[in-house]
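The block underneath contains the structure these notes are about, expressed in structure tokens.
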There are 2 protein chains.
Amino acid sequence: MSILPSPPRWIAADWGTSNLRVRAVGPGGQVLAEAESEEGMGSLAPEAFEPALLRLVGPWLGPGVTPVLAAGMVGARQGWVEAPYRAVPCAPLAAGGLVRAPARDPRIAVFIAPGLSQAKPADVMRGEETQIAGALALHPDFDGVFCLPGTHSKWARVSAGEVVGFQTYMTGELFALLSRQSVLRHSLGGEETDEAAFDEALSDALSRPERGAAKLFSIRAESLLTGLAPAAARGRLSGLLIGMELAGARPWWLGQRVMLIGSPGLCAAYARALAAQGNPAETLPAAACSLAGLATLLPGIEP
Amino acid sequence: MSILPSPPRWIAADWGTSNLRVRAVGPGGQVLAEAESEEGMGSLAPEAFEPALLRLVGPWLGPGVTPVLAAGMVGARQGWVEAPYRAVPCAPLAAGGLVRAPARDPRIAVFIAPGLSQAKPADVMRGEETQIAGALALHPDFDGVFCLPGTHSKWARVSAGEVVGFQTYMTGELFALLSRQSVLRHSLGGEETDEAAFDEALSDALSRPERGAAKLFSIRAESLLTGLAPAAARGRLSGLLIGMELAGARPWWLGQRVMLIGSPGLCAAYARALAAQGNPAETLPAAACSLAGLATLLPGIEP
């Protein structure tokens, strides 16, 4: 029996490489409960997905069948079941692309949303398309560019409800590798970020992006020679990497209406960077967009 | 008793973060024996340096005192003993800067060569100054730029026997992190490098360095969508990163006489890249330069 007052109408799952986040959704669309674990796609063999899901959602289930809508790397080739990419230009999500995942437990019916692919330049996304669909559900007339900062930042141009093109930057992954595993880790430390150092590095990288690669080691050198503070080192690394991304992505934001979708901290950093370039980007929370995106798929799976 | 026909006149040590390489040198400068281990500075507490050295050179020692000249991270603050940086402009090495390392074994007298620092832009090197000194010993009239590709590539301008400025790029460390630990690791694999992919990525990154950050993820995307071969993926990553370095370092090589010092494979990649830009860089082997550099210090420590 469900530990909730009544079982959810459906369950939303954001299932990435490192994490699984689930939400029990009530008949009016309200979130009844949330749970998460570190059982991401990267750590699971195909037969381990169902047990990982049930560990989180099992207590919510009632006697009937509860639909589970999932987005993210769970649909990759190494995931639970492959949900083949849909090629842009196309709407970010379409019920027709859903793939049913094999499950033994009769209480769940699991559907996985496919990602998007672009032939030239080659690019792919899994999970962000669902957030874009949600953002469009919340702002149906939006025409412009979504920026989804993260491990692999995505810039996506949307027109008339379709994703017409997108581009990926490995900024978040580079920051994680450089701050935790490179020689720069000795100079960072702590979680604080000096905003002045961020702004200066950002502006440097934007105006002379070809020098970005040369500036990285200066963080270590200044820390050795003049005791650069860890928060300043962190701010500079973040500013350099985001600045290099923004320099490459200039056509995606210069003179464009930009909407950021992501975690509050990361969106704030990108918004600060874009504002310094004269672009007043708006921000939407990733979790709400993801839920709204999965909700658009619900009519397609109901009898 | 030495296992060599006669004990060495001195011992040369390249002691970096990850490795220790030693050579026994005879009275005529000839190498009598070589050895190496993975007991680099990064894995040793201060009191562990002497035993690590003796494990390699112990069998070579005779009854008298053998001088050991060491260069590299062994002289860092976290090393055996700190050999404070010498500030450029200055000759790459000077006997006056040597620091004696404390050793209990009376059969060795260990001296550590200091690295170089630059105040603005902040930069440091440890080990490369010794290779530069060796290159200058082999080519006393050289006036131009040394490029030492590696984990942290160095570009150093030398004039009238002095290093007048230098700049560090984290290209090798970025390649190692991205190829082994990022999402791109799934697309590389093997050790083969496709030269056409290298050339194309290099030329892309050089002509539009601001797009380099955007091109990294294309390696993963093409591997997923069109089955990009691992050797092509490896060539492209290498070409992109070296291209971004060369774009930033353009003033260091454009119209300059460039001499590469490093491992044969890495020097070949840089020479290929520079040749494509019309610069016929020469190449010197790192090991010979390091030995020749340390040898210049010998007169300074002899009574």
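The values are calculated or read from the model by the stated rules, or taken from the named source; none is laboratory data. Small disclaimer: the values here were computed from a predicted structure and weren't measured. Here the Cβ positions follow ideal geometry from the backbone for every residue, glycine too, while neighbour counts run over all protein chains shown.
Among the residues of segment B:94-121, the ones that are out of contact with any Asp or Glu (no Cβ under 6 Å at 6 or more places or on another chain) and away from every other protein chain (no Cβ under 14 Å) come to 19 in all.
For segment B:184-199, indicate whether the set of residues that are touching a strand residue (DSSP E or B) at 6+ places or on another chain (Cβ under 7 Å), aromatic (F, W, Y) and outside any loop (DSSP other than H, G, I, E, B) is non-empty. So far as segment B:184-199 goes, no, none of its residues is touching a strand residue (DSSP E or B) at 6+ places or on another chain (Cβ under 7 Å), aromatic (F, W, Y) and outside any loop (DSSP other than H, G, I, E, B).
Scanning for something more than 20 Å from A:Q131 (Cα to Cα), among the acidic types (D, E) and in the same structural domain as A:L178 (by TED's automatic domain parsing), does segment A:272-285 turn up at least one residue? Let's see the steps before the verdict.
Within segment A:272-285, the subset more than 20 Å from A:Q131 (Cα to Cα) is A:272-280.
If we keep only those that are among the acidic types (D, E) as well, we get none.
Within segment A:272-285, none of the residues are more than 20 Å from A:Q131 (Cα to Cα), among the acidic types (D, E) and in the same structural domain as A:L178 (by TED's automatic domain parsing).
So that you can scan it fast, the table gives a plain yes or no per residue for (1) β-branched (V, I, T); (2) closer than 30 Å to A:A122 by Cα:
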{"residue": "B:I219", "(1), (2)": "yes, yes"}
{"residue": "B:E222", "(1), (2)": "no, yes"}
{"residue": "B:L240", "(1), (2)": "no, yes"}
{"residue": "B:L260", "(1), (2)": "no, no"}
{"residue": "B:R272", "(1), (2)": "no, yes"}
{"residue": "B:A295", "(1), (2)": "no, no"}
{"residue": "B:G300", "(1), (2)": "no, no"}
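Please work out if B:E200 is of a type in the set (D, E) and either free of Cβ contacts under 8 Å to residues at least 24 places away in the same chain or within 20 Å of A:T171 (Cα to Cα) (or both). No; evaluated as a whole, the condition is false for this residue. Residues in segment A:122-150 that are within 14 Å of another protein chain (Cβ to nearest Cβ), outside any strand (DSSP E or B) and either at pLDDT below 95 or crowded, with 24+ Cβ neighbours inside 10 Å (or both): A:R126, A:G127, A:E128, A:P149, A:G150. Could you tell me whether any residue of segment A:171-180 is crowded, with 24+ Cβ neighbours inside 10 Å, in contact with a strand residue (DSSP E or B) (Cβ under 6 Å, 6 or more places away or on another chain) and within 30 Å of B:L174 (Cβ to Cβ)? Scanning segment A:171-180 turns up at least one residue that is crowded, with 24+ Cβ neighbours inside 10 Å, in contact with a strand residue (DSSP E or B) (Cβ under 6 Å, 6 or more places away or on another chain) and within 30 Å of B:L174 (Cβ to Cβ). Every condition in (1) within 14 Å of chain B (Cβ to nearest Cβ); (2) closer than 30 Å to A:A91 by Cα; (3) among the small types (G, A, S); (4) surrounded by fewer than 18 Cβ atoms within 10 Å (Cβ to Cβ) holds for A:A160 except the one numbered (1). Here A:G278 passes the criteria (1) in contact with a strand residue (DSSP E or B) (Cβ under 9 Å, 6 or more places away or on another chain); (2) not in a strand (DSSP E or B) except the one numbered (1). Residues of segment A:95-116 that are within 19 Å of the chain's Cα centre (by Cα) and touching a residue at least 60 places away in the same chain (Cβ under 8 Å): A:A113 alone.
Of the strands (runs of 3 or more DSSP E) contained entirely in segment B:1-95, those carrying at least 2 residues that are at pLDDT 95 or above, β-branched (V, I, T) and out of contact with any Gly (no Cβ under 7 Å at 6 or more places or on another chain) fall at B:20-25, B:66-71. May I ask you to list the residues in segment A:223-242 that are assigned to a helix (DSSP H, G or I), surrounded by fewer than 24 Cβ atoms within 10 Å (Cβ to Cβ) and at the interface with chain B (Cβ under 10 Å from one of its Cβ atoms)? Within segment A:223-242, A:S223, A:L224, A:L225, A:T226 qualify.
Identify the residue in segment B:110-121 that is in a strand (DSSP E or B) and hydrophobic (A, V, I, L, M, F, W, C) and, among all such residues, is surrounded by the most Cβ atoms within 10 Å (Cβ to Cβ).
In this case the residue turns out to be B:I112.
Apart from one condition, A:E245 fits all of (1) farther than 21 Å from A:G127 by Cα; (2) within 14 Å of chain B (Cβ to nearest Cβ); the exception is (1). When segment A:184-222 is examined, which residues are found to be farther than 18 Å from A:A249 by Cβ, in contact with a Gly (Cβ under 7 Å, 6 or more places away or on another chain) and within 13 Å of chain B (Cβ to nearest Cβ)? Scanning segment A:184-222 gives a single hit, A:A214. For segment B:163-183, filtered to residues that are more than 11 Å from chain A (Cβ to nearest Cβ) and assigned to a strand (DSSP E or B), the residue that is nearest to B:L216 (Cα to Cα) is B:G165.
Residues that are without any contact (Cβ under 8 Å) to a residue 24 or more places away in the chain and of a type outside the set (K, R) within segment B:175-190 comprise B:L177, B:Q181, B:S182, listed in sequence order.
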